[in-house]
Amino acid sequence: MYTSEHEIEEFIREYGRSRVIIETTTRATLNRAVGFEHTFNKPFYQFTTEEALEMYESAHAISVVSLQNSNLVLKHAARWFAYQYNKEVSDTYETMTKDQLSTVVDTEKQRSMILSREDVGNIQSNLLNVIDRAIVEMLFQGVGGESLKELTFMDASNVDRISFRLYFRTGKVIPVTDEICDMLMEAFEEDELASFGSTSRISKVAGNGLYKVRCNALSDNADYNDAQSVERRYRFIQRRLLLISNDIGVRLTSGGLQSSGLLWHLQRGVEETGLSFREFVKTEQARELARRYDIMSEEFFGQILTDKFGKYFD
C-alpha cells in the first residue's frame with residue numbers, strides 16, 4: 001500500500017533525466033513524504049491539502065520558496081505515479097498555493113537565521129547559477145577569513161581532487177565531498193550568469209574563480225594584498241547574497257551561513273563521538289572546528305562555542 005524504496009529510486013532516476021535537480025534535496029522531500037504515509041495510512045500522492053500542510057510544517061522551512069520547491073517535486077512525483085502505475089492520485093500538490101504554504105513557514109527559525117543542512121540544500125536547489133550555489137556552500141563549510149578573502153580569491157588551485165580537501169594560504173584545510181569538488185570546478189568555469197527574477201537575462205562574465213567580472217571590466221582585482229581589490233571582491237559576494245536573499249525571500253548573510261555550518265558540524269561531532277555537547281567542546285575536534293570557522297581564541301574556544309550554541313543542545 002505504501003510507496004516502496006524501489007519506486008522512489010525509479011522516480012528519482014526519471015526525474016533527474018528531465019530536470020536539473022539536487023538529488024539529496026529531492027530525496028529528503030520524498031523520504032519525508034513517505035514517512036508521513038504511516039501517519040495518515042495512505043500513500044503520499046493521496047494526501048489531502050491539510051495532511052500535506054502538516055507534513056510541510058514538520059520540515060520547519062524558513063522560506064516559502066523552499067516549500068514551493070518541495071511541492072513541485074511531489075507534484076511531479078504524483079503525476080509520475082499516476083502515469084507509470086495508473087495510481088489514483090489527489091490534486092493536492094497541483095492546487096497548493098503559495099499563501100497556503102506560507103502558513104507553515106517556521107517564522108521563529110527564520111528570525112534566528114540558523115539553517116539546517118536541508119535548508120541550505122533547498123536554497124541551493126532554487127538557484128540557477130552554480131557560482132551562487134558554491135558561495136552558499138563554501139560559507140556553510142567555513143570558508144571565510146578576514147574580509148572573506150579565502151572565498152573571494154578562491155579558484156581551482158585551492159582544490160585537491162585526490163584528497164577531497166580545500167587548501168588556503170591562511171593555513172586552513174577543509175575536507176569536502178566529491179560532489180562539492182564538482183560543484184566548485186563547475187562554478188570556477190562558469191562564464192554566464194542568469195539574472196534573478198522572471199526575466200532570466202543572461203550576462204557574460206569572466207574570471208577563473210568564484211569572483212566574476214563583466215567581460216568588459218577594466219580589472220579583475222587579482223591582487224591579494226591590495227585593499228581596493230579585496231574590498232571589491234568582498235562587495236561582489238555581499239551583492240550575490242543580497243540577490244539570493246531577495247529571490248528566496250529570506251535574508252542570507254555570510255555570518256549566518258557560517259554559524260549554521262558550524263552548528264551542523266558540532267551536531268555531527270556530538271552524534272559521532274557519543275559525547276555530550278559540553279564534553280565535545282573540550283576536544284581537539286571542536287578546537288579544529290573553531291579554527292575552521294575563524295574562532296581564533298586557543299584558550300576560550302570552548303566557552304565561545306558553548307555561549308553561542310549551547311542552547312541548541314540543552
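Things to note:
- At 1.306 mPa s and 10 °C, Stokes diffusion of region 1-130 via Kirkwood alpha-carbon radius, µm² per second: 106
- With q set to 0.11, 0.15, 0.22, 0.29 Å⁻¹, the log10 of I(q)/I(0) for region 229-300, from the Debye formula over equal scatterers at the Cα positions, is -0.41, -0.66, -0.93, -1.25.
- For the chain, the normalised intensity computed at q = 0.15, 0.16 Å⁻¹ comes to -1.28, -1.38 (log10 of I(q)/I(0), Debye sum over alpha carbons, equal scatterers, no solvent).
- With at most 14 neighbouring Cβ atoms within 10 Å, loop chymotrypsin sites (Phe, Trp or Tyr not before Pro) (DSSP) excluded, longest segment of the chain: 3-223
- Per-selection Kirkwood Rh - region 190-266 (Cα, Å, 1 d.p.): 14.3
- Electrostatic dipole magnitude of the chain [Cβ: Lys, Arg +1; Asp, Glu -1; Cα centre; debye, to 20]: 760
- Ranking 132, 226 from most to least accessible surface, computed with a 1.4 Å probe over the protein chains only, gives 226, 132.
- Heavy-atom accessible surface of residue 195, to the nearest 10 Å², is about 30 Å², with a 1.4 Å probe and all protein chains retained.
- Near the amide H of residue 205, within less than 5 Å, lie the amide hydrogens of 192, 193, all on another chain or at least 5 residues away, with H placed in the peptide plane.
- With the whole protein complex present, residue 307 retains an accessible surface near 120 Å², based on a 1.4 Å probe.
- Relative contact order for the chain, counting Cα pairs under 8 Å that sit 6 or more residues apart, in percent: 16
- Straight-line reach from residue 149: taking Cα to Cα under 27 Å and skipping same-chain neighbours fewer than 8 places apart, the lysines in range are 172, 204, 212, 308.
- Partners of residue 42 within straight-line reach, counting aspartates and glutamates whose Cα lies under 16 Å from its Cα and excluding those fewer than 8 residues away in the same chain: 5, 7, 50, 51, 54, 88, 91.
- Sequence-separation-based contact order of region 182-300, relative, with Cα cut under 8 Å and 6+ spacing, percent: 12
- Two-decimal Rg/Rh across region 97-228, once Rg and the Kirkwood Rh are taken from alpha-carbon atoms: 1.01
- Exposed loop sites were defined as GluC sites (Glu not before Pro) in DSSP loop states (anything but H, G, I, E or B) carrying at most 13 other C-beta atoms within 10 Å; in the chain the longest segment without such a site runs 89-297.
- Rg then Dmax, both in Å and based on the Cα atoms of region 1-73: 12.1, 32.
- Atom-type composition of the exposed protein surface of the chain places 47 percent of the accessible area on carbon and sulfur (1.4 angstrom probe).
- Convex hull volume per residue in cubic angstrom - Cα atoms of region 176-314: 154
- Per residue, the chain exposes an accessible area of 51 Å² to a 1.4 Å probe, with every protein chain left in place.
- Cα-based reach from residue 98 at 20 Å (exclusive), listing lysines while leaving out same-chain residues under 8 positions away: 75, 109
- Here region 48-77 is scanned for amide nitrogen atoms under 17 Å from the site 7 Å beyond the Cα of residue 106 along Cα-to-Cβ, giving 53-71.
- When the charge dipole of the chain is built from unit charges on Cβ atoms (+1 for Lys and Arg, -1 for Asp and Glu) and taken about the Cα centre, the candidate among 15, 265, 53 whose Cα reaches farthest toward its positive end is 265.
- A straight chain from residue 99 to residue 282 at 0.36 nm per residue would run longer than the Cα-Cα distance by 61.3 nm.
The values are calculated or read from the model by the stated rules, or taken from the named source; none is laboratory data. This is a predicted model, so every value here is computed, not measured. Using ideal geometry, Cβ is built from the backbone for each residue, glycine included, and neighbour counts are taken over all protein chains shown. Accessible surface areas use protein heavy atoms only, side chains included; no ligands, DNA or RNA. Shrake-Rupley method; radii C 1.70, N 1.55, O 1.52, S 1.80 Å.
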